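Coordinate-derived values only; no laboratory data. What you are looking at is a predicted structure, and each value in this text was computed from that prediction instead of being measured. Cβ placement follows ideal geometry from the backbone for every residue including glycine, while neighbour counts extend to all protein chains displayed.
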Amino acid sequence: MKDIIRIAVQKSGRLSDDSLSLIKECGIKFYNGTGKLKSTAINFPIEFLYLRDDDIPGYVADGVADLGIVGENELVEKDKKVEIIKKLGFSKCRLSLAIPKGEDYPGIAYFQGKNIATSYPRILGNYLKSNKVEASIHEISGSVEIAPSIGLAEGICDIVSSGSTLMMNGLKEVEEIFRSEAVLISNPDMEPGKKSIVEKLLFRMNAVQQGKGNKYILLNAPNDSLDRIISLIPGMRSPTVLPLAQEGWSSVHSVLSEDQFWENIVELRQAGAEGILVVPIEKMVL
Ligand code: PRT
Ligand code: ZN
C-alpha cells in the first residue's frame, strides 16, 4: 500500500482557517465539508483529521495522526511526547496572569496564598513553583476571565491577544508567563516512508513562508546610479538589470523583505529610483 500521512487540524476555532489556508497554499487540494471529521487530499498523500485542539497533542503522540497543528500553549500544557518541527507564525498570543484593575501589584509575591483560575494548571503550576510562590490553582475550562468577579479567585491565568477581554472584565495583565504561536508537531517515531512525505510537505511550507516574508521589487533607475541602487537591494544572488527603451535608464528587479524595503525606500529615491513597484511573492525556494 502506498504511504499516506495523517495530519490533525482544529475542527473549528482560532487555528482552523490559518491551518487549512497554509495547506492550500502548499498546492494541496482537498474538500472539507462542514461537519466532516476526516478528509483526504486529491493531489498529495495526506489525510486530515478534524479535532478539538485539546486532543491534537495526544492523537499525534499516540500515532493516530502523524502530524498536527496546535498552539504551543496547548502543547506544553498537555506535555505529550511529540516534536515541534516548524513554528508557523500565526495564532500568536501570550499566557498571562491578570488581577482586578484596582489592585496594587507589588510583584509575583502578590499571588502567595491566593486563588488563581486557569485552563492551564500545568504551565501555571510550573511557573509558580519556579518563582517560589504557593497559590491554589482552580482549573476551569472556559470563561476564566469572570472568575474574580464571581468570587472564585483573586487572579486568573489565561490567553491574551489584544487585551480587550481582560479590559472588558475589569482586569489588568501583570505577568507574561509564556509566548505562543501555532506549531507543526510530529510523532517522533514515524516510518521512513511517511518521513519522506513529511519532508516534501515541509519543503512546500518553507517555500510559502519564505514567499510571505519577502517582496518582489521593480524600479526604474538612471544608469549612473545603478551601483548605489544595487547595493541597497542586493536580492537573492544579485538583482536583474534590464535596459529600458529610453537611453540611459534601466529596470532593476530584486527580492527583499518588506522591512528592508521600508528601511531603504528613502535612500532608493534619493539615489534616483522611480516607478517603484512592490509585488507579493507566492512561493520562494532558496
Ligand atoms: O473547540 P476547541 O477546543 O478546538 O478550541 P478552543 O476554544 O479550546 O480554542 P480556540 O479556538 O479559542 O483557540 C485555539 C488556539 O488559538 C489557542 O490554544 C491559542 O494557541 C490561540 N489563540 C490566539 C487564542 C487567542 N489568540 C485568544 N485570544 N486562544 C484563545 N484566545 C481567547 C482567550 O482565551 C481569551 O478568552 O481570546 C480571549 C482573549 O483575547 P483578547 O484579544 O481579548 O486579548
Ligand atoms: Zn480547546
Mean separation of Cα contacts under 8 Å (6+ apart) over length of the range 234-286, as relative contact order %: 28
Highest to lowest packing among 212-221, 91-100, scored as the average C-beta count within 10 Å: 91-100, 212-221
Label point distance in nm, Glu191-Val278, each placed 7 Å from Cα along Cα→Cβ: 4.8
Relative contact order, percent, the chain [alpha-carbon distance under 8 Å, six or more residues apart]: 19
Using alpha-carbon coordinates, inclination of helix 258-270 to the longest axis of the chain, degrees: 40
Principal-axis tilt of helix 121-130 within the chain, Cα atoms, nearest 10 degrees: 90
Beta bridges by DSSP in the chain, antiparallel share as percent, to the nearest 5: 75
Burial ranking of peptide ranges 71-78, 228-235 (average Cβ count within 10 Å, highest at the top): 71-78, 228-235
Selected from Pro222, Pro57, Pro148 as most flexible by GNM, with the chain as the system and alpha-carbon contacts under 10 Å: Pro222
Within a Gaussian network of the chain (alpha carbon springs, distance under 10 Å), most fluctuating of Leu15, Leu201, Leu268: Leu268
Cα-based helix-to-principal-axis angle, 16-25 vs the chain, degrees rounded to 10: 30
By average C-beta atoms within 10 angstrom, highest first, the peptides 181-192, 121-132: 181-192, 121-132
